1. How many of the residues in region 202-220 are surrounded by fewer than 17 Cβ atoms within 10 Å (Cβ to Cβ) and either in contact with an Asp or Glu (Cβ under 7 Å, 6 or more places away or on another chain) or among the charged types (D, E, K, R) (or both)?
2. Return the only residue of TYR310, TYR365 being within 18 Å of the chain's Cα centre (by Cα) and either in a helix (DSSP H, G or I) or crowded, with 16+ Cβ neighbours inside 10 Å (or both).
3. Would you point out the residue of region 153-170, among those that are farther than 17 Å from GLY259 by Cβ and touching a residue at least 60 places away in the same chain (Cβ under 8 Å), that is farthest from the chain's Cα centre (by Cα)?
4. Looking at region 56-71 only, could you name the residues that are out of contact with any strand residue (DSSP E or B) (no Cβ under 8 Å at 6 or more places or on another chain) and of a type outside the set (A, V, I, L, M, F, W, C)?
5. Within region 50-106, count every residue that is surrounded by 17 or more Cβ atoms within 10 Å (Cβ to Cβ) and not in a helix (DSSP H, G or I).
6. So THR204 clears everything in (1) within 17 Å of the chain's Cα centre (by Cα); (2) not in a loop (DSSP other than H, G, I, E, B) except one condition, right? Which one?
7. Condition (residue is at positive phi, surrounded by fewer than 21 Cβ atoms within 10 Å (Cβ to Cβ) and more than 18 Å from the chain's Cα centre (by Cα)) applied to region 265-280: is it met by at least one residue?
Amino acid sequence: MKKKFLSLLLALTMVFALAACGGDAPADSGNSGNGGEPAESEPAGTPAPTGMEALVEAAKAEGELVVYGSCEEEYLAAACEHFEELYGIKTTYQRLSTGEVQAKIEEENGNPSADVWFGGTTDPYNVVAAEGLLEPYAAENASHLLDDQYKDADGNWYGIYKGILGFMVNKDELARLNLEAPQDWQDLLKPEYQGLIWLSNYNTAGTAKLVINTMIQKYGHDDGIQYLVDLDKNIEVYTKSGSGPSKNVGTGECVIGIGFLHDGITQIVDNGYENIELVIPSSGTSFEVGATAIFKGAAHPNAAKLWIEYALSPECVEQADDHGSYQFLVIDNAQQPSQAADFGLDPNNVMKYDFEDAKNNITTYIEEVMQALGGGDDRFQTE
């Protein structure tokens with residue numbers, strides 16, 4: 001209750017507390033909706049709105065926002081519904097994997113069917129940013145980010161959460177098979193795990209793209225790709241979405257899933273699968289930064305900017321753990337979810353990740369991996 005009360009206070013004060021802040025001037029904020037004709041004069045002595053206050057007015061004048069979300073749908077829905085409730089802006093959303101959003105935005109090439117992107121790891125964000133398909137924005141609330149690694153240097157995207165990569169295993173199935181749980185990346189290559197491992201599709205899931213970058217950074221280019229070729233011998237299914245493996249571990253259909261450990265927490269806490277064990281690879285692992293961004297050519301640019309400010313506020317991100325998402329938060333004025341710490345996860349216990357290498361080379365790396373795997377087969381799900 002305390003968290004919700006504080007969030008409500010933040011929602012009520014966000015506009016006014018930041019009214020004097022600078023920032024990008026909203027487009028046409030001084031015009032009415034009548035073909036650009038000047039709006040009626042304000043009463044004498046009424047100060048013109050500035051900063052965040054002006055942005056809110058301009059966003060409300062646009063009256064609509066379209067969101068593509070790559071976080072889990074329950075959190076996406078809650079965030080969008082609350083934004084609409086706060087500002088009276090009609091907010092529609094669609095849940096797509098990061099790879100699906102990337103493909104859609106590339107096809108639309110500057111005429112996007114959505115205004116903003118919310119959630120999902122940053123590797124696909126970096127690809128479309130390099131292609132000039134994200135709109136830079138100097139967000140006021142970015143001042144609350146814990147570190148510069150949680151934002152793009154040019155303002156193309158901003159981090160909203162951090163997730164740790166690891167393994168989720170079904171303890172009951174491993175016991176039935178008289179197998180120990182894998183403790184490190186090299187363990188996954190053991191022949192006894194053949195047909196027991198699920199990973200996501202390198203072409204459609206940001207999670208799988210992070211796995212590629214992690215292995216290349218961990219083992220070097222050639223050995224990293226060879227590791228993925230060797231791992232492929234033990235993989236039964238490549239799911240379309242990064243959270244796909246986690247959703248099948250509790251049922252036993254997947255015995256060992258590779259993915260973000262907060263997805264495993266969701267299955268344990270929210271769905272009651274206490275037979276799931278979380279494993280942090282002993283030699284080190286990497287992490288995702290879940291992000292938000294504005295699409296270049298967005299039809300509702302001011303509503304999109306207001307969304308970014310909202311997404312970087314406790315009012316948005318503290319909804320995550322109420323809706324089955326237990327990632328670490330990356331702004332300094334938000335309350336961290338207790339569940340991640342309860343399961344022994346430490347946001348700082350991760351390898352140093354080279355975001356620039358990932359940003360510049362992931363498209364090439366995917367092509368190289370898929371070529372090394374022979375182009376893929378029917379295990380690579382796209383639906």
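The values are calculated or read from the model by the stated rules, or taken from the named source; none is laboratory data. Quick caveat, the model's predicted, so the values are computed rather than measured. Heads up, the Cβs are rebuilt from the backbone with ideal geometry, glycines too, and the neighbour counts pull from every protein chain shown. Ligands, DNA and RNA are stripped out before the accessible areas are found, and what is left, the full protein with its side chains, is counted by its heavy atoms. Shrake-Rupley method; radii C 1.70, N 1.55, O 1.52, S 1.80 Å.
1. Of the residues in region 202-220, the ones surrounded by fewer than 17 Cβ atoms within 10 Å (Cβ to Cβ) are 219-220.
Keeping just the survivors that are either in contact with an Asp or Glu (Cβ under 7 Å, 6 or more places away or on another chain) or among the charged types (D, E, K, R) (or both) gives none.
Residues that pass the stated criteria total 0.
2. Numbers: TYR365 fails: within 18 Å of the chain's Cα centre (by Cα).
Only one candidate qualifies: TYR310.
3. Of region 153-170, the ones farther than 17 Å from GLY259 by Cβ are 153-160.
Pick out the ones that are also touching a residue at least 60 places away in the same chain (Cβ under 8 Å) and you get 156-160.
On the way: ASN156: 14, TRP157: 11, TYR158: 10, GLY159: 8, ILE160: 7 Å.
The extreme case among them is ASN156.
4. The answer is GLU57, LYS60, GLU62.
5. 14
6. Unmet condition: (2).
7. Yes: one or more hits.
Table: residues versus (1) touching a Ser or Thr at 6+ places or on another chain (Cβ under 9 Å); (2) in contact (Cβ under 8 Å) with a residue 60 or more places away in the chain.
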position: ALA303; (1), (2): yes, yes
position: ALA358; (1), (2): yes, yes
position: GLU367; (1), (2): no, no
position: ALA372; (1), (2): no, yes
